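Read the figures in this text as sums done on the coordinates, not as results from a lab. Note that this is a predicted model, so its numbers are computed, not measured. Cβ: placed from backbone, ideal geometry, glycine included. Neighbour counts: every protein chain shown.
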Amino acid sequence: MKVQFKILRQKFNKTPHSQTYSLDVKLNATILDCLNRIKWEKDGTLAFRKNCRNTICGSCNMKINGRSALACKENVGS
C-alpha cells in the first residue's frame, strides 16, 4: 500500500514547514517502522524520539492524524 507521510519539520529559529514522504508499506507496519525507513532510506536528517519499541516507555508519543498516539503501537492500516 502506498502511504504519504506529512511530517512537520523545523530548523532552529526558523518557521515550521511540512515535508511529505511516500512509502510502499504493509498494513501491519507501525508508524515507527515507517519513520525509521524514511530516516534510513530517504532523509537521514529526520529526527524523532524512540526507545523501547514495546509501548512501555512512551518516548515515541507524537501527534498522528491529529491525535496523540505511540508510534510504536499505531499501525499504518488503522
Practice task
Quick one: among Asn61, Asn13, Asn36, which has the greatest mean-square fluctuation in a GNM of the chain with alpha-carbon springs under 10 angstrom?
Solution key: Asn13
Fill in the blank from the handout: For Asp24, Asp43, Asp33, ascending order of other Cβ atoms within 10 Å (fewest first) is Asp24, Asp43, Asp33
Exercise for the section: Straight distance only, please: which lysines reach the Cα of Lys14 with their own Cα at less than 21 Å, same-chain residues fewer than 8 apart left out? Expected result: Lys6, Lys63
Fill in the blank from the handout: The local net charge around Gly58, scoring Lys/Arg +1 and Asp/Glu -1 for residues other than Gly58 whose Cβ lies under 11 Å from its Cβ, equals +3
Completion exercise
By the Kirkwood definition, with r running over pairs of different Cα atoms, the chain has a hydrodynamic radius in Å of 13.1 Å
Problem - In the range 1-76, the chymotrypsin sites (Phe, Trp or Tyr not before Pro) that fall in loop regions by DSSP, at most 10 other Cβ within 10 Å - result: Phe12
